[in-house]
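Just so you know, all these numbers are worked out from the coordinates, no wet-lab data involved. As the structure is a computational prediction, the values presented were derived from the model and not from experiment. With ideal geometry, Cβ positions are generated from the backbone for all residues, glycine too; neighbour counts draw on all protein chains shown.
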Amino acid sequence: MLGFLTARQAGLDDPLRLRRAESTRRVLSLTLNPDRDVDRVHGNGVNAIDIDAVEGRYMLSGGADGVIVIYDLENFSGKPQYTCKAVCTVGRSSRHVHKFSVETVQWYPYDTGMFVSSSFDKTMKVWDTETLKPAEVFEFEDNVYSHHLSPIARKHSLIAVGTKNPKIQLCDLKSGSRIHVLQGHRAEVLAVRWSPRYEHILATASADSKVKVWDVRRASGSVLTLDQHNGDKSKASSEAVNTAHNGRVNGLCFTGDGLHLLTTGTDDRMRLWNSATGENTLVNYGKVCNESRKRLQFTVSRGCSPEFVFVPCGSSVAVYALHTGELVTMLRGHYNNVDCCEFHTDYQELYSGGKDCNILAWVPILRTADVEEESNSAPTRAVGQASVNPAFQDAWSSDED
C-alpha cells in the first residue's frame with residue numbers, strides 16, 4: 001500500500017490504480033459481519049433487493065409474503081455494532097400491499113422519492129416513497145417475473161416488463177400506459193435488463209432457453225439472439241440452435257461498463273457474452289448450481305481489477321473472477337437458498353437475501369494496521385465465513401508490495 005501512495009504522490013502512477021487496488025482488497029476480504037445486522041421484517045423468503053444509486057444509503061427489499069421494506073444503511077449511532085433499521089414498510093395491513101409474492105423491486109435511478117415493484121399478483125406499482133402509496137399501477141394478464149428501468153436513459157422513461165406471456169411489455173412512466181410490445185420469445189420471460197451503456201438496448205431472458213438483445217427504437221425483431229455455440233451447428237442439436245443455455249434462462253446482468261453480459265440458467269451454467277457482437281466468450285465458471293424456477297438476482301463488482309461476479313448458489317453466494325471463471329470464494333451464512341444479492345459500489349459491500357427470511361451484510365475485513373487506527377473499544381471483525389482462493393490473495397500481496 002505504501003508503494004501505491006508513494007507512486008501516486010510522485011506522479012508516477014495513475015490515481016485510479018490505488019483506488020482499484022483497495023477496492024479489490026476489500027472485495028477479496030468480504031465476510032459476514034457480526035457487528036452489522038439488518039432488521040428481519042419479512043415473514044417469508046426475500047426475493048429481491050436494491051440499493052439506491054443516488055445516495056447509496058437506502059435499500060429496498062421485496063418478499064414472497066408480498067411485503068416491501070425500506071432500510072437505512074447508514075450508521076449514526078457512533079458505535080461499531082449497529083442494525084440497519086427498517087424505516088418504512090408496506091406490510092400486510094396496508095390496503096396497497098401486493099397480494100402475492102413481490103418478484104422485483106427497484107429504485108428510480110435519479111431520485112429516492114420513487115420506486116417500482118412487480119408481483120405475481122399481475123401488477124407493477126410505481127410508489128411515492130413519502131406516502132408509501134402507488135402513484136401508478138400497471139395491470140397485466142399474467143404473473144410478472146421481472147421489470148427494469150434504464151439506469152442511464154435521458155430520452156425515454158420506459159420500464160421493461162417480463163411476464164408469463166412471451167411478449168415483453170414496455171411501459172411508459174410519463175404517460176402511465178403500455179406503449180409497445182416486443183415479440184420473439186416462445187415462453188415466459190424471466191429476466192429483463194437495460195444496458196448501462198446504451199439507453200435503447202435491452203436484454204431479455206426466457207424459459208425457451210434464449211437470450212435476446214433488442215434496440216427498442218427498431219420496429220422489427222431483436223438485433224441479437226445469443227448462441228452458446230457461436231454459430232457452430234455441428235455442436236448443436238437441431239432443437240438447440242441459437243440457444244444461450246440448455247434450460248431456462250433466469251438471470252441477466254450487464255457488467256458496469258456495459259461491454260459484457262452475464263447469463264445464468266437451470267443447466268447449472270453461467271456464461272459471459274460480448275454484448276456488442278453476441279459472441280460467447282467461452283469463459284468456464286464450472287457448475288453454478290441453479291434450482292430457481294424464477295428470476296435469479298446476481299451482481300457484478302465495480303471498480304476492481306479484476307472484476308468479480310456474485311451469484312447465489314444454493315445456500316451460499318459464489319464469488320467468481322469475471323474474465324477467468326475462477327472460483328474465488330464461497331460466502332456461507334444463510335440457512336436456506338439465496339435468491340438475490342446486490343453489490344454496494346460505494347463501500348464494496350454485499351447484501352444477500354434468501355428463503356430463510358434474512359438479509360445478510362458482507363463487509364470487508366479491516367487489516368491489522370487499520371484496526372490499530374480504530375478506537376480500542378471497536379471489536380474485531382469475525383473471520384472464517386469465507387476462504388479466499390490463495391491465488392487471489394497472493395496476487396493482492398504482490399501488488400501491495
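Here are the numbers for this structure:
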quantity	calculated
Computed helical MRE - 222 nm, the chain, DSSP H runs ≥ 4 contributing -39500 (n - 2.57), nearest 500	-3000 deg cm²/dmol
Contour minus Cα-Cα distance for Y347 and K99 (0.36 nm per residue)	85.8 nm
Stretchable slack from K287 to V241, in nm (0.36 nm times residue separation minus alpha-carbon distance)	14.4 nm
In Hz, Karplus ³J(HN,Hα) per residue of the range 271-280 (6.51, -1.76, 1.60; θ = phi - 60°; x = Gly, Pro)	10, 10, 10, 6, 6, 7, 9, x, 6, 6
Positive-end residue, the chain charge dipole about Cα centroid, Cβ charges, pick of V116, G303, H185	H185
Net dipole in debye of the chain [+1 Lys, Arg Cβ; -1 Asp, Glu Cβ; about Cα centre; nearest 20]	1220
Amide hydrogen neighbours beyond the local backbone of E326, cut-off 5 Å, H modeled	A321
Amide hydrogen neighbours beyond the local backbone of G251, cut-off 5 Å, H modeled	T264, L296
Whole-Hz couplings from phi, Karplus 6.51/-1.76/1.60, listed for the range 42-49; x for Gly and Pro	5, x, 9, x, 9, 8, 8, 9
Positive-pole candidate from A361, T131, H148, dipole of the chain, charges at beta carbon	H148
Packing-based exposure ordering (other Cβ within 10 Å, fewest first) of T112, T204	T112, T204
Sequence-distant residues sharing a close amide H with M114 (under 5 Å, placed H)	Y108, T129
Net charge dipole size for the range 68-221 [Lys, Arg +1 and Asp, Glu -1 on Cβ; Debye, nearest 20]	280
Mean separation of Cα contacts under 8 Å, 6 or more apart, over the residue count of the range 15-99: relative contact order %	24
Vicinal HN-Hα couplings computed from phi for the range 327-341 (Karplus, 6.51 cos²θ - 1.76 cosθ + 1.60; Hz; Gly/Pro x)	6, 7, 6, 10, 8, 10, x, 6, 9, 8, 4, 8, 10, 7, 8
Charge dipole (the chain, unit charges on Cβ, about Cα centre) - positive-most of H229, F343, G286	H229
Choice from V161, V216, V144 with maximal GNM fluctuation in the chain (Cα, 10 Å cutoff)	V216
Computed FRET value (nearest 0.05) for A53 with D232, which takes r as the C-beta separation and R₀ as 35 Å	0.30
